[in-house]
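Single-structure report; data block below.
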Amino acid sequence: MHDFYGDYALVGVVLLVGVSFVTAALTANRLLRPSAPAPGKRTTYECGVDPVGEGWAQSHIRYYVFAYLYVIFAVDAIYLFPWATVFAAPGYGATTLAEMFVFLGFIAVGLLYAWRKGVLTWT
Amino acid sequence: MIDVLEGALRVLLVLGAFLVLPLVVGQTEHKAMAHMQSRLGPMYAGGFHGWAQLVADGVKFAQKEDIVPAAADATVFKLAPAVALIPYLVVLVAIPVGPGLVAQDLDLGLFFVVAVMGVGVLGSLMAGWASANKFSLLGGLRTAAQLMAYELPFLLAAASVAMAAGTLSLSGIVQQWQPWWLLWQLPGAVVFFVAGLAELQRPPFDMPVADSEIIFGAYTEYTGLRFALFLLAEYAGIVVLCALTTVLFLGGWHGPYAESLGWLWTLIKTMVLAFVVIWLRVSYPRLREDQLQRLSWQGLVPVALLQLALTGVVEVLIT
């Protein structure tokens with residue numbers, strides 16, 4: 001049981017247990033709850049008045065920049081983890097440390113640029 | 001056969017912890033908040049100081065009618081609470097409680113935990129979009145903004161511990177842990193805990209559910225059991241975050257008699273942190289959206305980067 005995939009068998013079982021827990025809870029709920037449908041109940045909640053327009057609004061296109069930033073950082077972080085386990089191993093030491101400062105430098109300069117440009121302040 | 005039985009026992013223990021600990025935190029929150037605000041809190045359910053209040057709440061939620069708005073995307077709407085809740089159960093598998101006491105020690109433990117925790121937030125995003133409600137949509141967008149801002153410092157702080165320990169296995173990290181790490185990793189610990197709070201949308205980072213302005217954010221249209229599942233997800237999230245902070249930064253099972261009482265130390269540290277989470281909720285007003293973003297980008301991210309540099313230099317010097 002102690003090979004790589006064997007380790008994740010239990011994770012899969014727990015995932016299944018989680019799914020069945022939610023299913024069981026909702027089934028019990030189905031048996032216990034009353035059902036008295038009425039069109040008024042199913043209207044969108046807007047503080048008691050009839051809903052105005054649609055609930056799905058469009059947001060400004062410029063926000064895609066934030067999504068990009070997030071993806072870039074998230075991908076960076078993925079590469080950070082395997083590196084973190086070996087960077088101090090014998091024979092790496094100083095070289096990897098210098099590389100780390102290059103990496104940190106890139107992020108820091110990017111952040112400083114955004115900061116100076118006023119992206120981080122509210123307008 | 002023995003393997004199967006042992007596996008079943010592990011799964012049962014994980015499920016038990018998942019169902020009991022969030023309720024304990026919830027009840028503690030009821031009473032601690034009440035006393036910090038000079039009131040009694042729930043006193044009737046169950047007789048003694050309202051200990052059964054959350055059970056009563058659960059029974060009430062289970063009997064309520066299930067309403068899906070006509071305008072909503074019904075499939076996604078119904079699926080969202082499960083997506084929000086189940087990841088926190090799965091994460092518990094990898095969290096070590098004592099020496100050798102872990103449901104499954106994963107080599108990639110830290111990576112696994114951080115990745116699966118990220119899935120939980122998707123539940124809020126799904127709920128926010130599928131509800132077809134303006135308040136829900138605003139809540140969902142705020143959740144997304146918060147996720148983007150706080151995921152980075154969260155990951156960087158976690159990576160700092162991985163660098164210090166030289167392993168991603170959570171049990172391995174606790175084994176490597178030395179008391180002086182408390183000081184060495186202190187900035188990382190603070191960043192990790194604060195960013196984790198923000199990802200759970202706990203006060204003072206509860207802009208996405210700010211009840212006085214957007215009703216209840218992404219959960220506005222939810223009722224009955226599905227709403228209860230979202231609440232359970234929040235408290236399970238507190239347990240997971242506190243347990244992770246304990247394991248990564250506070251030395252997990254380390255303490256007097258760690259060999260026999262290690263699990264108790266993990267539990268005590270986790271519960272003390274959970275109390276701090278409640279304490280913060282009572283003490284701080286809600287951060288405005290711009291203050292929230294500024295705290296992350298101009299506060300936590302630079303501190304996390306400095307912590308990485310510090311960890312790297314010290315680690316290379318001592319090995």
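The values are calculated or read from the model by the stated rules, or taken from the named source; none is laboratory data. Since this is a predicted model, take the numbers as computed values, not measurements. Cβ coordinates were reconstructed from backbone atoms using ideal geometry, including for glycine residues, and neighbour counts include every protein chain displayed. Remember, those area values only see protein heavy atoms, side chains included, never the ligands or the DNA or RNA. Shrake-Rupley method; radii C 1.70, N 1.55, O 1.52, S 1.80 Å.
Test B:PRO153 against the stated conditions and say whether it is within 27 Å of B:GLY312 (Cβ to Cβ), surrounded by fewer than 24 Cβ atoms within 10 Å (Cβ to Cβ) and not β-branched (Val, Ile, Thr). When the stated conditions are applied, B:PRO153 does not pass them. Looking at this structure, is B:VAL83 crowded, with 17+ Cβ neighbours inside 10 Å, more than 8 Å from every other protein chain (Cβ to nearest Cβ), within 23 Å of A:ILE78 (Cβ to Cβ) and under 16 Å from the mean Cα position of the chain (by Cα)? Taking the combined requirement at face value, the residue satisfies it. You will find that of B:GLY128, B:GLY166, the residue that is within 7 Å of chain A (Cβ to nearest Cβ) and not aliphatic (A, V, I, L, M) is B:GLY166 and no other. B:VAL119 - would you say it is more than 10 Å from chain A (Cβ to nearest Cβ), at pLDDT 85 or above, buried (at least 23 other Cβ atoms within 10 Å of the Cβ) and part of a helix (DSSP H, G or I)? So B:VAL119 does not fit the description; no.
Listed residues B:VAL194, B:VAL161; which is open to solvent by 20 Å² or more (accessible area, probe 1.4 Å) and under 23 Å from B:GLY120 (Cα atoms)?
B:VAL194
Within the set B:THR223, B:THR319, B:THR246, the sole residue that is within 12 Å of another protein chain (Cβ to nearest Cβ), under 24 Å from B:ALA165 (Cβ atoms) and either open to solvent by 30 Å² or more (accessible area, probe 1.4 Å) or out of contact with any Cys (no Cβ under 8 Å at 6 or more places or on another chain) (or both) turns out to be B:THR319. Assess whether B:VAL303 counts as being under 18 Å from B:ALA158 (Cβ atoms), among the β-branched types (Val, Ile, Thr) and more than 14 Å from the chain's Cα centre (by Cα). Yes.
Please indicate, with yes or no, whether at least one residue in segment B:29-45 is away from chain A (no Cβ under 14 Å), over 30 Å from A:LYS41 (Cβ atoms), touching a residue at least 60 places away in the same chain (Cβ under 8 Å) and part of a loop (DSSP other than H, G, I, E, B). Yes, the conditions are met somewhere in segment B:29-45. Figure legend. Inter-residue proximity from segment A:6-28: first residues more than 24 Å from B:ASP66 (Cβ to Cβ), second residues open to solvent by 60 Å² or more (accessible area, probe 1.4 Å) and assigned to a helix (DSSP H, G or I), beta-carbon distance below 8 Å, spacing 6+ or different chains. Indicated pairs: A:LEU10/B:ARG10. Within segment A:1-54, being within 7 Å of another protein chain (Cβ to nearest Cβ), within 24 Å of B:ASP105 (Cβ to Cβ) and in a loop (DSSP other than H, G, I, E, B) holds for one residue alone: A:MET1. When segment B:261-312 is limited to residues that are at pLDDT below 85 and open to solvent by 50 Å² or more (accessible area, probe 1.4 Å), the one that is nearest to the other protein chains (Cβ to nearest Cβ) turns out to be B:ARG294. Say we look at segment A:55-68 and pick out the residues that are at the interface with chain B (Cβ under 7 Å from one of its Cβ atoms) and farther than 30 Å from A:VAL109 by Cβ; which of these is modelled with the lowest pLDDT? Result: A:GLY55.
Note on segment A:69-117: residues that are hydroxyl-bearing (Ser, Thr, Tyr), within 16 Å of B:ALA162 (Cβ to Cβ), in a helix (DSSP H, G or I) and within 9 Å of another protein chain (Cβ to nearest Cβ) total 2.
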